[in-house]
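What follows is a single structure, written as structure tokens, with notes after it.
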Amino acid sequence: MNYQLIKQVIDLIEKFDTTVDFKSYPKDLTGFKRWIQDDERETEQLFSELDWEGKENGRSPESEISTLIVHLNRYAKTYSKSAIHNSKFNTQEEFIYLIHLKTFGSTTKTELIKKNLQEKPVGMQIINRLIGQGWIQQNDSMADKRSKIISITGKGLEALDDIMEKIRQASQIVTGNLSPTEKMHLIKILQKLDRFHLAIYTKNIAPAQLVNVAYNEFLLSK
């Protein structure tokens, strides 16, 4: 029995049941089949309308998406560098750490580093720089004496406040000329993609095995 096929069908039914407007598609087998046909027709239409470099030579949509994500990350970093130019901040990670502490409150060093998806040595360097600047402070954890609880200081809040307007402007530039509706759709798509990758990331899979495990156990099994 093809259990993978059964799972794919169940996933489609779940999507149909939770996301489809039943004024357009009746909640029965006929409506389900028509929804699938319309969805495939829309995908084919978009594929024919959209164009990207190398498409005529067989370059895949997945390759184009990966390239665009890399490009957007680089664009965002250049705007962040501009936002902190002539400030006391050295990297965008420093103000990202401070924003997290301001928004969510005190936390352990390890949790803050994990939240920002960074390797522990790199995260500790950032935290130590922030401590050196007097922007965050650390205290012993009441729950675990081996851990340190860090929190943003008044000086850190002031430093963050000095560049927040520039950071907001940089964030607005990154989203470019998207309409409010397009931004909401993009958030929904990116959150779905982030959840998929976060599940892989938290497994701490060795680099030598990462692609094979991610492809076979997380992608093909979905």
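The values are calculated or read from the model by the stated rules, or taken from the named source; none is laboratory data. Everything quoted here is computed from the prediction, not taken from an experiment. Heads up, the Cβs are rebuilt from the backbone with ideal geometry, glycines too, and the neighbour counts pull from every protein chain shown.
Key figures
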| quantity | calculated |
| --- | --- |
| Complete set of residues in the range 204-222 that are surrounded by 12 or more Cβ atoms within 10 Å (Cβ to Cβ) and outside any helix (DSSP H, G or I) | Ile205 |
| Only one of Asp144, Asp162, Asp140 that is more than 19 Å from the chain's Cα centre (by Cα) and touching a residue at least 60 places away in the same chain (Cβ under 8 Å) | Asp162 |
| Residue list for the range 74-102, filter: closer than 18 Å to Gln118 by Cα, assigned to a helix (DSSP H, G or I) and assigned by TED's automatic domain parsing to the domain that holds Ala170 | Gln92, Glu93, Glu94, Phe95, Ile96, Tyr97, Leu98, Ile99, His100, Leu101 |
| Residue within the range 106-115 that is assigned to a loop (DSSP other than H, G, I, E, B) and either in contact with a Gly (Cβ under 8 Å, 6 or more places away or on another chain) or not small (Gly, Ala, Ser) (or both) present | no |
| Members of the range 156-188 found to be of a type in the set (Lys, Arg) and either outside the structural domain of Ile131 (by TED's automatic domain parsing) or not in a helix (DSSP H, G or I) (or both), listed by number | Lys183, Lys188 |
| Count of residues meeting criterion [over 26 Å from Ser60 (Cβ atoms) and surrounded by 10 or more Cβ atoms within 10 Å (Cβ to Cβ)] in the range 29-46 | 5 |
| Which listed residue is under 22 Å from Thr202 (Cα atoms), not in a helix (DSSP H, G or I) and not hydrophobic (A, V, I, L, M, F, W, C), from Gln138, Gln125, Gln118 | Gln118 |
| Those residues of the range 48-73 which are part of a helix (DSSP H, G or I), of a type in the set (A, V, I, L, M, F, W, C) and loosely packed, with under 11 Cβ neighbours inside 10 Å, in sequence order | Val70 |
| Condition check for His185: surrounded by 10 or more Cβ atoms within 10 Å (Cβ to Cβ) and within 24 Å of Gln4 (Cα to Cα) | no |
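Rundown of residues vs (1) small (Gly, Ala, Ser); (2) at pLDDT 95 or above; (3) closer than 20 Å to Leu190 by Cα, yes/no style:
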| position | (1), (2), (3) |
| --- | --- |
| Asp11 | no, no, yes |
| Pro26 | no, no, no |
| Gln37 | no, no, no |
| Trp52 | no, no, no |
| His71 | no, yes, yes |
